[in-house]
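First the structure, in the form of structure tokens, and then the observations on it.
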Amino acid sequence: MQYYGTGRLGTHQSVAYTGTAGTITNAITTGTQKVRVICTSAAFIKIDNSPTATTADVYMAADSAEYFTITAGQKVSAIQSSTSGTLHVTEIS
């Protein structure tokens, strides 16, 4: 596992996803440059200003935390690979 340094845990959001994409409700806040993303089942994710994930997007294995660089105002979306689940997004500052 790669070391990502330290950071303060910030706002956490979660949303369910199925064969239809789920997208966090609130955009990432000003000052946040990293997010920690976990999907409870294998999924595909997209980070953008108004994302809707599709199966052509970035694959994430189930229950594996990944850290992504993000810009304030963006959101994260996920869609299932084969089983529904929950997308968890935590801001890191």
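The values are calculated or read from the model by the stated rules, or taken from the named source; none is laboratory data. Only a predicted model underlies this, so the values are computations on that prediction, with no experimental measurement involved. Every residue, glycine among them, receives a Cβ derived from its backbone with ideal geometry; neighbour counts consider all protein chains shown. Note: accessible area is taken over every heavy atom of the protein model, side chains too, but ligands, DNA and RNA are not part of it. Shrake-Rupley method; radii C 1.70, N 1.55, O 1.52, S 1.80 Å.
Overview of values
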| read-out | value |
| --- | --- |
| Filtered residue count, the stretch 1-33, keeping only those that are in a strand (DSSP E or B), at pLDDT 95 or above and not small (Gly, Ala, Ser) | 6 |
| Residue, least open to solvent (accessible area, probe 1.4 Å), within the stretch 67-81, restricted to residues that are part of a loop (DSSP other than H, G, I, E, B) and closer than 12 Å to Ala27 by Cβ | Ile70 |
| Positions within the stretch 34-59 being assigned to a loop (DSSP other than H, G, I, E, B) and either touching a Ser or Thr at 6+ places or on another chain (Cβ under 6 Å) or of a type in the set (Phe, Trp, Tyr) (or both), in sequence order | Thr40, Ser41, Ala42, Pro51, Thr52, Ala53 |
| Number of positions in the stretch 1-57 that are farther than 13 Å from Glu91 by Cα and among the basic types (Lys, Arg) | 1 |
| Filtered residues of the stretch 50-66 (kept if of a type outside the set (A, V, I, L, M) and either more than 10 Å from the chain's Cα centre (by Cα) or surrounded by 16 or more Cβ atoms within 10 Å (Cβ to Cβ) (or both)) | Ser50, Pro51, Thr52, Thr54, Thr55, Asp57, Tyr59, Asp63, Ser64 |
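Residues are listed down the side, and each one gets a yes or a no for (1) farther than 22 Å from Gly7 by Cα; (2) in contact (Cβ under 8 Å) with a residue 40 or more places away in the chain; (3) in contact with a helix residue (DSSP H, G or I) (Cβ under 8 Å, 6 or more places away or on another chain); (4) not basic (Lys, Arg):
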site	(1), (2), (3), (4)
Arg36	no, yes, no, no
Thr40	yes, yes, no, yes
Pro51	yes, no, no, yes
Thr55	yes, no, no, yes
Ala61	yes, no, no, yes
Tyr67	no, yes, no, yes
Thr71	no, yes, no, yes
Lys75	no, yes, no, no
Ser84	yes, yes, no, yes
